[in-house]
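The values are calculated or read from the model by the stated rules, or taken from the named source; none is laboratory data. The model shown is predicted, which means the values in this text are computed figures rather than measured ones. Here the Cβ positions follow ideal geometry from the backbone for every residue, glycine too, while neighbour counts run over all protein chains shown. Heavy atoms of the whole protein, side chains included, go into the accessibility calculation; ligands, DNA and RNA do not. Shrake-Rupley method; radii C 1.70, N 1.55, O 1.52, S 1.80 Å.
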Amino acid sequence: QVQVVESGGGLVQAGGSLRLSCAASGNIVTINRMGWYRQAPGKQRELVADITSGGNTDYSDSVKGRFTISRDNAKNTVYLQMNSLKPEDTGVYYCEATLLQLGGYLLREYWGQGTQVTVSS
């Protein structure tokens, strides 16, 4: 079984910072890509940032220059450092890991339950 668990959400004032963490565990052979998505009330889930096993990153235009994604491959963990937070960053943040499970032969996506981030104005 594979588990993806996020932590680090909370309430912060505009201009503040938060750091999210996400750890994947279980019978994992390799993790290809890890990403952070968010879903604001009444909106569709959107990609915030992702990172490959080789360290290549991609960001949504709305967070470039403010958020930084990083990864610890040895710990199967991805982080999202969020600075200069804005009220529009409010939402549930989900972690996704595209990985190969022991005994499998195809990469599959696994999702965490989400962590709430609320930015007050």
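Restricting the stretch 21-46 to residues that are part of a strand (DSSP E or B) and farther than 14 Å from A97 by Cβ, which is least open to solvent (accessible area, probe 1.4 Å)?
Here the answer is R38.
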Item to complete: Please go through the stretch 70-100 and pick out each residue that is open to solvent by 80 Å² or more (accessible area, probe 1.4 Å) and within 24 Å of T30 (Cβ to Cβ).
Response: N73, A74, K75
Worksheet item: Got at least one residue in the stretch 57-69 being at positive phi and either of a type in the set (A, V, I, L, M, F, W, C) or loosely packed, with under 14 Cβ neighbours inside 10 Å (or both)?
Response: yes
Worksheet item: Residues of the stretch 101-117 being farther than 23 Å from R19 by Cα and either surrounded by 17 or more Cβ atoms within 10 Å (Cβ to Cβ) or hydroxyl-bearing (S, T, Y) (or both), which ones?
Response: Q101, Y105
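Within the stretch 1-20, work out how many residues are of a type outside the set (A, V, I, L, M) and in a loop (DSSP other than H, G, I, E, B). Even if it seems obvious, please write down each step before you answer.
Of the residues in the stretch 1-20, the ones of a type outside the set (A, V, I, L, M) are 1, 3, 6-10, 13, 15-17, 19.
Next, from what is left, pick out any that are in a loop (DSSP other than H, G, I, E, B): 1, 8-9, 15-17.
Counting residues in the stretch 1-20 that are of a type outside the set (A, V, I, L, M) and in a loop (DSSP other than H, G, I, E, B) gives 6.
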